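Report on the following structure.
The values are calculated or read from the model by the stated rules, or taken from the named source; none is laboratory data. This structure is a prediction, so every number in the text was calculated from the model and none was measured. Note that each Cβ is placed from the backbone with ideal geometry, even for glycine, and that neighbours are counted across all protein chains shown.
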Ligand code: HSE
C-alpha cells in the first residue's frame, strides 16, 4: 500500500480524495497496489466530512513521515505551495499538482530537485483540467516536430463567452454565473485577463520544445473588453469569439506565444467548444492535426487528471517519471508584432475610411457611423499602425 498526503482540501483536493475513494478498487488494480490517503493538510477543519479524521494543520508531520511517499499539492498559488512542494521533493517524496502558476513559474527548479532526489513531479491537471494533453504531447507525439499548439485553455472565459453568444448575457452577468458555478479562480482577473491561459500556454511551450517560457514573457489580452457589438459582428460573419492560447514555432527555431481573444470560424472545431470545456489542437509534422477535448475546470474532472498522475507514479515505482525543460536562450521568444493576422475591427468610420486605412477590407456592417470590417492578413505591427488612422472600438485577431 502506498500512503499519500493531500495539501489543500479545496475544490480540487477534496475531489482527489473523493475520486480515490469512489474508484478505489479499479485504481488499486491499475496502480498495482492500494493508494491510501494518510493526511489532508489544510488550515481549516472539516467537521462532518468523511475525511475529517485525516485533517492536520502542520506540514512538518507529512515532511517527516517516511511512510508518505507521494504528496498531492492542490493549494494553488506560488507561495505556500512552492515552499511545501520544494520541501516535499527535498524529503524524497514525489509530488503531483494541478497548480499551473507554480509549474509555469518554478518548473525548472522543481523539476531539477525532483531529478536530483530521483522522484517524480507531475502536473497533467495544470493544463486543460481533465483533458489528457501533457502526457500525449510528451509521449504519444514524441515522434513529431510540434509546429503549432492552439487551444481554449480557460474554462471560465469560455463559459462567459458562450453565455454572451448563446444567451446574450453581459460580460458581468456571465462572470457572476461562472463564479457561482465554482469555475473562476479566487481572483477572477487571472481568468478574464488571460493570465491563467498564459501560464498554461507557457507549460505547453515548455514541454513541446524543452525551453522555459516565463509567464511574464507573454502579455496576455483578456476578454473584459468584448462587447455585445463584437458578439453581433462576429455572428454576422459566421464566427464566434474564443480566448485562444497559441504557441507557434518559427523556421528559425524561435517561438511566438500569444494569448488573446480570436474570432473563430463556425467551421473550425474550436468554435464548437462551449461552456467550461477546453480543447487543444496540436499540429505535428508527422501526425498533422490532433485535437484534445474535455472539461477544463471543475472538481472531479481536474481530480481525474491528478489521480491519473498518482497512479502513473505508483504503477512505475521505484522508477521516476521524468519531465524537464531548461532556461531558454535570450531571444527565444519572438516578437508578436511580426505575427500575421487578419483583424476584426469596429471603428467610428465609414467604409471608405476603413478602405483608405487598411486596403482591401471586407465590410461586415456599416450603420450609425460605425463600420465593422475584416482586414486582409497583415503583420500585427502594420495593422496597429493602420488602426491609428481610425477611431477604433474593437481590434480582435481572426484565427486562420
Ligand atoms: N479557473 C480555471 C479555468 C480553472 O477556468 O480554466 C482550471 O484551471
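Which residue out of 129, 151 is assigned to a loop (DSSP other than H, G, I, E, B) and either out of contact with any helix residue (DSSP H, G or I) (no Cβ under 6 Å at 6 or more places or on another chain) or within 13 Å of the ligand (Cβ to nearest atom) (or both)?
Numbers: 151 fails: assigned to a loop (DSSP other than H, G, I, E, B).
Every option except 129 fails the conditions.
Modelled with pLDDT of 95 or more, part of a loop (DSSP other than H, G, I, E, B) and closer than 23 Å to residue 320 by Cβ, is that true of residue 66?
yes
Of the residues that make up region 317-332, is at least one modelled with pLDDT of 95 or more and within 16 Å of the ligand (Cβ to nearest atom)?
So far as region 317-332 goes, no, none of its residues is modelled with pLDDT of 95 or more and within 16 Å of the ligand (Cβ to nearest atom).
Among the listed residues 233, 194, which satisfies the condition of being over 30 Å from residue 143 (Cα atoms), more than 15 Å from the ligand (Cβ to nearest atom), surrounded by 22 or more Cβ atoms within 10 Å (Cβ to Cβ) and at pLDDT 95 or above?
Values: 194 fails: more than 15 Å from the ligand (Cβ to nearest atom).
Criteria check complete, one pass: 233.
Condition test on residue 223, is it part of a loop (DSSP other than H, G, I, E, B), over 30 Å from residue 109 (Cβ atoms) and touching a residue at least 12 places away in the same chain (Cβ under 8 Å)? Break it down into steps so the answer makes sense when it comes.
Numbers: part of a loop (DSSP other than H, G, I, E, B): yes; over 30 Å from residue 109 (Cβ atoms): yes; touching a residue at least 12 places away in the same chain (Cβ under 8 Å): yes.
Judged against the criteria, residue 223 is a match.
Say we look at region 144-182 and pick out the residues that are within 13 Å of the chain's Cα centre (by Cα) and under 20 Å from residue 10 (Cβ atoms); which of these is surrounded by the most Cβ atoms within 10 Å (Cβ to Cβ)?
Step one: filter region 144-182 for residues within 13 Å of the chain's Cα centre (by Cα), giving 149-158.
Remaining after also requiring under 20 Å from residue 10 (Cβ atoms): 154-156.
Numbers: 154: 35, 155: 26, 156: 27.
The extreme case among them is 154.
All but one of (1) within 13 Å of the ligand (Cβ to nearest atom); (2) under 24 Å from residue 320 (Cβ atoms); (3) part of a loop (DSSP other than H, G, I, E, B) hold for residue 118, so report the exception by its number.
(1)
Can you pull out the residues in region 20-40 that are touching a residue at least 40 places away in the same chain (Cβ under 8 Å) and in a strand (DSSP E or B)?
Within region 20-40, 35 is the sole residue that qualifies.
Residue check, residue 203 against (1) in a helix (DSSP H, G or I); (2) crowded, with 20+ Cβ neighbours inside 10 Å; (3) touching a strand residue (DSSP E or B) at 6+ places or on another chain (Cβ under 9 Å), all met but one. Which one?
Result: residue 203 passes all but (3).
Can you tell me how many residues in region 157-190 are modelled with pLDDT under 95, assigned to a helix (DSSP H, G or I), within 12 Å of the ligand (Cβ to nearest atom) and in contact with a helix residue (DSSP H, G or I) (Cβ under 6 Å, 6 or more places away or on another chain)?
Residues that pass the stated criteria total 3.
For region 241-279, give me the residue count where each residue is in contact with a helix residue (DSSP H, G or I) (Cβ under 7 Å, 6 or more places away or on another chain), more than 16 Å from the ligand (Cβ to nearest atom) and more than 27 Å from residue 143 (Cβ to Cβ).
Final tally of qualifying residues: 4.
Looking only at region 299-316, how many residues end up being at pLDDT below 95 and touching a helix residue (DSSP H, G or I) at 6+ places or on another chain (Cβ under 7 Å)?
Our first condition is that a residue be at pLDDT below 95; within region 299-316, this holds for 299, 316.
Filter once more, so that each one left must be touching a helix residue (DSSP H, G or I) at 6+ places or on another chain (Cβ under 7 Å): 299.
Residues in region 299-316 being at pLDDT below 95 and touching a helix residue (DSSP H, G or I) at 6+ places or on another chain (Cβ under 7 Å): 1 in total.
Can you tell me which residue within region 82-100, out of those that are crowded, with 21+ Cβ neighbours inside 10 Å and assigned to a helix (DSSP H, G or I), is nearest to the ligand (Cβ to nearest atom)? Working first, answer last.
Of all residues in region 82-100, those crowded, with 21+ Cβ neighbours inside 10 Å come to 84-85, 88-89, 93-100.
Imposing the further condition that a residue be assigned to a helix (DSSP H, G or I) reduces the set to 84-85, 88-89, 100.
Numbers: 84: 20, 85: 17, 88: 22, 89: 22, 100: 6 Å.
Taking the candidates together, the pick is 100.
State whether the residues of region 135-143 include one that is crowded, with 24+ Cβ neighbours inside 10 Å, away from the ligand (no atom under 16 Å from the Cβ), modelled with pLDDT of 95 or more and part of a helix (DSSP H, G or I). Working first, answer last.
Taking region 135-143 first, the residues crowded, with 24+ Cβ neighbours inside 10 Å are none.
Among the residues of region 135-143, not one is crowded, with 24+ Cβ neighbours inside 10 Å, away from the ligand (no atom under 16 Å from the Cβ), modelled with pLDDT of 95 or more and part of a helix (DSSP H, G or I), which makes the answer no.
Of all residues in region 252-300, count the ones that are assigned to a strand (DSSP E or B), in contact with a strand residue (DSSP E or B) (Cβ under 7 Å, 6 or more places away or on another chain) and without any contact (Cβ under 8 Å) to a residue 60 or more places away in the chain. Spell out the reasoning first.
Here is the first cut: in region 252-300, the ones assigned to a strand (DSSP E or B) are 255-265, 277-284, 288-295.
Subset that is in contact with a strand residue (DSSP E or B) (Cβ under 7 Å, 6 or more places away or on another chain): 255-265, 277-284, 289-295.
Now drop any that are not without any contact (Cβ under 8 Å) to a residue 60 or more places away in the chain, which leaves 289, 291.
The qualifying residues number 2.
Give, as residue ranges, the strands (runs of 3 or more DSSP E) completely inside region 346-398 that count at least 3 residues that are buried (at least 18 other Cβ atoms within 10 Å of the Cβ) and touching a strand residue (DSSP E or B) at 6+ places or on another chain (Cβ under 7 Å). Walk me through how you get there before you give the answer.
Numbers: elements: 362-367, 370-374, 391-398.
The qualifying strands (runs of 3 or more DSSP E) are 370-374, 391-398.
Determine whether residue 282 is touching a helix residue (DSSP H, G or I) at 6+ places or on another chain (Cβ under 8 Å) and either surrounded by 15 or more Cβ atoms within 10 Å (Cβ to Cβ) or over 22 Å from residue 103 (Cα atoms) (or both). First the steps, then the outcome.
Working: touching a helix residue (DSSP H, G or I) at 6+ places or on another chain (Cβ under 8 Å): yes; either surrounded by 15 or more Cβ atoms within 10 Å (Cβ to Cβ) or over 22 Å from residue 103 (Cα atoms) (or both): yes.
The answer is yes for residue 282.
Mind listing whichever residues of region 301-327 are part of a helix (DSSP H, G or I) and closer than 19 Å to residue 104 by Cα? Break it down into steps so the answer makes sense when it comes.
The initial filter retains those residues of region 301-327 that are part of a helix (DSSP H, G or I), namely 301-316.
Answer for region 301-327, where residues must be part of a helix (DSSP H, G or I) and closer than 19 Å to residue 104 by Cα: 302, 305, 306, 309.
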